[in-house]
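So the structure is just underneath, and the comments pick up after that.
Read-outs throughout are calculated quantities, based only on the coordinates presented, and are distinct from any laboratory measurement. Owing to the predicted nature of the structure, the values given are computational and were not obtained by experimental measurement. Heads up, the Cβs are rebuilt from the backbone with ideal geometry, glycines too, and the neighbour counts pull from every protein chain shown.
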Amino acid sequence: MKKIFPILIILFFASLLITGCIKRRGVLSFKTEGAKCYNRLTEPYTPVVDSHLHFRPFGGPAIPFTELNGYLNKLGVLFVNVYGIGQTLPIDSFCDYYLDCPGTAVTPSIKNDFINAAHFLEQKPRGVHITLSMTFADLAFPENIIEHIHLLDKEYPNMFKWMGEVNLVKQALFNNNHKIISKESIKQWAEFMLYLKQRGIPITIHSDLGNNVEPTKYVYLMEEVLKLYPENKIVWAHMGLSKELEKMDPDQHIQLMKNFLDNNENLMLDISWRLLHDAYFKKPEIRKLYTVFFNKYSTRILPGTDFVAARKKGFATYKKELETTSQINKYLNNDAFQNIVLGENYFRLLGLNYKAPQVCSQSNI
């Protein structure tokens, strides 16, 4: 009975969280240095940060801005990066998703960034700290990027604090006219990368490592970016993994990520997207390897869902994506939990005046 009693207590508090009977922390509680410690036994394992959330779909109608913010409030996500979609389907396309339309070109566009900024100003969401991201950048034609940044600055001064997700190489888009960015194009990024560096703006880059046949086929591209722009804050989306690379040896992948982090002090890894859980983290023997890695490099990791807000989805879908991408959090040690799940890395990267609470000692993992 003594062994069962603590389990019953945990189940009781978990049921209260699910039904909303325990009041979740609010944004203002992260303003206080001495905030009440975070009890992992009774508070959620899902992060207070979603650093990778697409408020706009590839095509078709989007979940309304206010409705999506309601999802965040309900689930305790207090800080969010508002991405658009850097690649949009033609307006006369019947598709909501590019994979449903092979052969249809997707092209970078600035329109979703304007829509997100307008919605933010008009609807003034409460309870969630929003960071607007510029997602328009076409890395193959960098000569136009700084001009478009200035356009956003003119229309929405000092509102955009992030850039991305932008594509260096995304194999999933090869059937939609996406081309691998060349080394020559990367060299031409200097003007807009200097602007980002001077403003302290991070950039999230989607750059596939390779595929199941050649797992490191495209590694040279991120190596080139980091060699040329070592002082920029760069976030590597999905740790370079993809649907085309679901069977990489985890030891090889982890060692590769360690080498990149050790040699590039301004690089961070984004562990968004449920594919990482489905293909890697859900397997106990593999999850253990990544848990050790994340614990050791806990100041270099950002959480996220990679949810795309197409209207055909809803609250249940976002909730499921959040829960699935958060499963790995249960196994992190307390320092890693504070840095990743409670937002310390995100606050530091953006220079925000917030502080993640300490984890209570009695909920040590």
Long-range HN-HN contacts of Ile301 with modeled amide H, under 5 Å: Leu269
Sequence-distant residues sharing a close amide H with Phe307 (under 5 Å, placed H): His54
Hz values of 3J(HN,Hα) by residue in the range 290-297 - Karplus curve (6.51, -1.76, 1.60), Gly and Pro given as x: 6, 4, 4, 4, 5, 4, 6, 10
Convex hull of Cα atoms in the range 154-231, direction-averaged projection (nm²): 6.3
For peptides 250-259, 61-70, sequence by mean Cβ density within 10 Å, most packed first: 61-70, 250-259
Long-range HN-HN contacts of Thr216 with modeled amide H, under 5 Å: Asn211
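If you put +1 on each Lys and Arg Cβ and -1 on each Asp and Glu Cβ, how big is the dipole of the range 4-363 around its Cα centre, in Debye rounded to 20?
Approximately 1260 debye in magnitude.
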Cross-link pairs beyond the 18 Å C-alpha cut-off, checked among Lys183/Lys217; Lys74/Lys330; Lys183/Lys227: Lys74/Lys330
Positive-pole candidate from His206, Pro157, Ala316, dipole of the range 4-363, charges at beta carbon: Ala316
